[in-house]
Amino acid sequence: MLSQPSVTNAAASPQSSNDWQEAFRSWLSPDDADEGYSEATFELLSTLAENPLNLNQTSKSQLEQLPFLSAEQIEELVAYIDRYRPLRSLGELQMIESLDRDTRLLLNYFVVIGDTLSPARSAKSVLSHLLHDGHFTFEGSLRQPLYKRKGDINGYLGYQQRHDLRLQFSSHDQLKFGLTAAQDAGEPFFSGRNHWGYDHYSYYFQLRKIGCIEALNLGMYRVQFGMGLVMNTGFYLGKQATLQSLGRTTQTLTAHSSRSVGSYLQGAAAQIRLAPSWSVTAFASYRPIDATLNKDGTIRTLLTDGYHRTETEMEKKHNSHETDLGFRVTYHPNSPHKTYKPTLSFNTVYTHFDRSLVPYASTSSKLNYRSYAPSGTSFFNASLDYSLTSSRFSFMGETALNGDGALAAIHTASFRATDQLSLMLLHRYYDKRYTALHARSFGEGSSAQNEHGLYLGATWSPSRSLSFQGYVDYAHFPFLRYQVGAPSDAFDAFLRARTLFNIGVLETQYRFHVRQRDNDTHSYLNNRYEHRARISFAYPSSSSSPSVATSQPSLNFKTQLDGAMLACREQQTSRGIMISQQVAFRYRALRLNGFAGWFHTDDYDSRLYQYEPSVPYDFSFPAFYGHGIRYSLMARADLGRWSFSAKIGTTNYFDRAVISSGYQQIDASSQTDLLFQFRLKL
């Protein structure tokens with residue numbers, strides 16, 4: 001129910017663009033990071049935090065860029081804005097019943113209250129206005145290790161340092177263009193095949209909401225269609241975050257401005273509004289790619305890590321090329337007064353390689369699982385995706401076919417039964433023969449192939465100070481998988497409780513995960529039982545989002561205990577524990593973040609993940625295993641147009657004298673890294 005608020009506060013200003021990282025952490029479990037949490041999500045939110053949306057000028061498609069909002073929350077938010085525009089304060093978000101406290105506080109980092117839409121102007125006038133209101137940002141970062149790897153001494157072609165530069169012009173959320181230059185440690189700089197300097201460059205131009213142009217991207221960009229069964233080179237959220245957003249996915253074109261060299265397209269893409277209810281999205285891409293080649297010159301595996309540190313890795317750089325073409329036609333009736341809002345889209349994607357893709361094919365039991373891996377020169381996928389959404393109910397789905405007629409389908413339904421209880425059901429079926437090179441969708445496995453599963457989730461908030469979240473997920477794999485030589489199953493269950501006290505926030509969570517794997521003789525499957533638990537207490541309570549700068553010093557603490565246990569029939573039980581403490585201090589333009597943790601695990605199987613505050617655009621979610629301590633300190637000072645950040649982090653191991661192996665080997669029991677960053681906004 002929507003009601004006009006009585007608040008008439010002055011227009012709110014955006015929150016600090018770096019503080020959202022801590023708020024977003026509750027949307028990401030450490031296990032999601034283990035399952036391939038994409039850097040693209042972090043990059044997207046970093047950019048949106050720098051250029052927050054003006055709620056008085058925003059649209060549904062712009063709000064859909066925020067991955068943590070559910071379809072119901074977006075519908076109710078759009079309805080509220082349309083009814084009560086102009087909004088006067090971010091406090092009005094409390095009037096939207098579907099926005100819970102955590103979502104509302106996180107949203108504050110990505111939206112502002114500004115002027116309403118001005119009278120209609122020509123595209124030329126709008127562009128002139130955007131260029132006048134925009135700003136340039138110049139940023140550089142350097143990571144300096146205080147140790148030597150084996151490859152640094154003999155093997156790597158370049159220097160120890162990792163560094164990058166970013167130059168970007170942005171104006172609101174409508175215009176953005178820039179260049180990112182990135183260099184990994186060990187890669188040659190202005191030498192060898194990198195005679196143009198950096199190993200990787202990202203260049204991009206993005207224009208939004210100009211006349212009938214919903215989005216225009218030139219250079220490097222990312223594309224997401226439907227629920228990801230035919231095309232998703234953008235972000236991906238795991239099982240816990242899927243519950244937070246109630247299974248909603250986004251259909252977006254976004255600029256590729258990160259240092260990542262995987263999962264982007266290169267060329268042009270545009271979304272055009274043909275009529276109030278019709279739009280079309282089309283893209284064309286041609287880009288060099290890295291690949292491991294067979295002896296006959298065909299492609300054995302596609303590489304996305306982007307490392308070119310050794311002669312062998314450099315030989316694989318850009319040794320093949322990929323062409324991608326695709327389009328999407330969407331029908332979305334312009335019916336603001338209807339309770340249920342339907343959407344229907346048709347998607348196609350065509351991919352072609354200049355070399356034939358020929359993965360390993362063998363009768364060996366170790367390689368049979370690749371029998372249905374993508375192979376050939378050209379690939380085609382098509383799908384229909386559809387949705388029906390209201391303020392309390394949403395149904396979304398996508399059904400796809402590949403060139404061989406194999407089927408993949410995913411459907412999700414969510415229902416806000418009361419203001420305190422939300423339910424979600426998700427079903428997916430991915431045929432073992434279904435392949436899509438750019439697919440990335442929900443699943444227990446790493447690809448949308450060879451899986452049939454059912455997921456049920458719920459969120460319950462019996463009071464303002466108490467909330468529960470949980471899910472159960474079952475998956476069946478009809479065909480072989482890596483290290484699984486027979487049809488297998490998996491089960492996953494998760495429960496989290498959050499209690500808000502006057503002095504802080506207590507959070508507990510537990511995850512039980514069962515996977516199957518071959519025994520040592522490959523004669524039967526073993527169940528691998530994995531238990532993970534966490535309890536944390538943050539104090540004082542973050543009951544409101546911090547402002548850009550505070551006139552009074554603030555000090556916050558978070559104490560956390562993590563535990564893991566993995567049991568298997570033929571293996572010794574593996575256990576792990578980690579105790580950590582975070583401290584955050586803020587006064588005016590200065591911020592300090594300290595982290596210290598002690599960990600002790602039996603082996604890599606019981607490794608533990610821990611979020612660690614870092615500088616902007618640097619996502620840090622490392623895994624710890626063995627026995628040791630980790631401590632770090634980050635400082636940031638915002639001095640007018642300048643911002644300076646520095647971080648030092650050390651990991652000391654008590655159970656080893658050598659860290660890692662191969663070219664990454666460090667002949668010491670500890671490693672320390674320094675990270676520097678500067679930013680100038682003009």
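The values are calculated or read from the model by the stated rules, or taken from the named source; none is laboratory data. Just so you know, these numbers come straight off a predicted model, no measurement behind them. Quick reminder, even Gly has a Cβ in these numbers, built from the backbone with ideal geometry, and neighbours come from all protein chains shown. The area values use the complete protein model at the heavy-atom level, side chains included, leaving out ligands, DNA and RNA. Shrake-Rupley method; radii C 1.70, N 1.55, O 1.52, S 1.80 Å.
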If I filter the stretch 573-609 down to residues being surrounded by fewer than 16 Cβ atoms within 10 Å (Cβ to Cβ) and of a type in the set (S, T, N, Q), which single residue comes out as modelled with the lowest pLDDT?
573
Given 257, 245, which one is touching a Ser or Thr at 6+ places or on another chain (Cβ under 6 Å), within 20 Å of residue 442 (Cα to Cα) and either in contact (Cβ under 8 Å) with a residue 60 or more places away in the chain or open to solvent by 10 Å² or more (accessible area, probe 1.4 Å) (or both)?
245
Output the residue which, of all residues in the stretch 385-402 that are in contact with a Phe, Trp or Tyr (Cβ under 7 Å, 6 or more places away or on another chain) and without any contact (Cβ under 8 Å) to a residue 60 or more places away in the chain, is most open to solvent (accessible area, probe 1.4 Å).
388
Is it true that residue 378 is open to solvent by 20 Å² or more (accessible area, probe 1.4 Å), farther than 30 Å from residue 81 by Cα, part of a strand (DSSP E or B) and among the small types (Gly, Ala, Ser)?
yes
For residue 246, work out the one condition from (1) within 21 Å of the chain's Cα centre (by Cα); (2) over 30 Å from residue 390 (Cβ atoms) it doesn't fulfil.
(2)
Could you pull out the residue among 581, 610, 552 that is under 22 Å from residue 46 (Cα atoms) and of a type in the set (S, T, N, Q)?
610
Residue 243 versus (1) in contact with a Gly (Cβ under 6 Å, 6 or more places away or on another chain); (2) over 30 Å from residue 102 (Cα atoms); (3) of a type in the set (A, V, I, L, M): which is the lone unmet condition?
(2)
Answer yes or no: is there a residue in the stretch 646-662 that is closer than 26 Å to residue 258 by Cα, in a strand (DSSP E or B) and touching a residue at least 60 places away in the same chain (Cβ under 8 Å).
no
Being part of a strand (DSSP E or B) and open to solvent by 60 Å² or more (accessible area, probe 1.4 Å) is the filter; apply it to the stretch 311-331 and report the residue that is farthest from residue 287 (Cα to Cα).
331
Name the pairs whose Cβ atoms lie under 7 Å apart, with the first residue in the stretch 355-380 and within 15 Å of residue 438 (Cα to Cα), the second open to solvent by less than 50 Å² (accessible area, probe 1.4 Å) and at pLDDT below 90, and 6 or more positions between them or separate chains?
373/359; 375/359
Quick check: anything in the stretch 411-420 surrounded by 22 or more Cβ atoms within 10 Å (Cβ to Cβ) and either modelled with pLDDT of 90 or more or over 22 Å from residue 69 (Cβ atoms) (or both)?
yes
Return the residues of the stretch 263-287 that are small (Gly, Ala, Ser), modelled with pLDDT under 95 and more than 23 Å from the chain's Cα centre (by Cα); say none if nothing qualifies.
275, 277, 279
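Condition check ((1) open to solvent by 50 Å² or more (accessible area, probe 1.4 Å); (2) farther than 30 Å from residue 461 by Cβ; (3) touching a residue at least 60 places away in the same chain (Cβ under 8 Å); (4) in contact with a strand residue (DSSP E or B) (Cβ under 8 Å, 6 or more places away or on another chain)) across all residues:
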| position | (1), (2), (3), (4) |
| --- | --- |
| 485 | no, yes, yes, yes |
| 495 | yes, no, no, yes |
| 503 | yes, no, no, yes |
| 509 | no, no, yes, yes |
| 520 | yes, yes, no, no |
| 525 | no, yes, no, yes |
State which residue is nearest to residue 348 (Cα to Cα) when the search covers only the stretch 421-442 and only residues that are basic (Lys, Arg) and open to solvent by 50 Å² or more (accessible area, probe 1.4 Å).
440
Among residues of the stretch 187-210, those that are touching a Leu at 6+ places or on another chain (Cβ under 8 Å), assigned to a strand (DSSP E or B) and under 18 Å from residue 152 (Cβ atoms), counted:
1
Scan the stretch 651-663 and give yes if some residue there is over 26 Å from residue 587 (Cα atoms), modelled with pLDDT under 95 and polar (S, T, N, Q), otherwise no.
yes
Could you please find all residues in the stretch 540-551 being open to solvent by 70 Å² or more (accessible area, probe 1.4 Å) and at pLDDT 80 or above?
none
Please enumerate the residues belonging to the stretch 175-206 that are among the polar types (S, T, N, Q), farther than 30 Å from residue 132 by Cβ and open to solvent by less than 20 Å² (accessible area, probe 1.4 Å).
183, 194
Options 91, 114; residue that is open to solvent by less than 40 Å² (accessible area, probe 1.4 Å) and either closer than 23 Å to residue 465 by Cβ or touching a helix residue (DSSP H, G or I) at 6+ places or on another chain (Cβ under 8 Å) (or both):
91
Residue 304 vs. criteria under 25 Å from the mean Cα position of the chain (by Cα), open to solvent by 80 Å² or more (accessible area, probe 1.4 Å) and of a type in the set (Ser, Thr, Tyr):
yes
Can you tell me which residue among 446, 422 is part of a loop (DSSP other than H, G, I, E, B) and of a type outside the set (Asp, Glu)?
446
Looking at the structure I just gave you, is residue 445 open to solvent by less than 50 Å² (accessible area, probe 1.4 Å) and either at pLDDT 95 or above or more than 23 Å from the chain's Cα centre (by Cα) (or both)?
no
Only one of 405, 453 is open to solvent by less than 30 Å² (accessible area, probe 1.4 Å) and farther than 27 Å from residue 340 by Cα, namely 453
Scanning the stretch 121-146 for residues that are of a type outside the set (A, V, I, L, M, F, W, C) and at pLDDT 90 or above, which turns out most open to solvent (accessible area, probe 1.4 Å)?
143
Can you name every residue in the stretch 213-246 that is in contact with a Phe, Trp or Tyr (Cβ under 7 Å, 6 or more places away or on another chain), part of a strand (DSSP E or B) and β-branched (Val, Ile, Thr)?
223
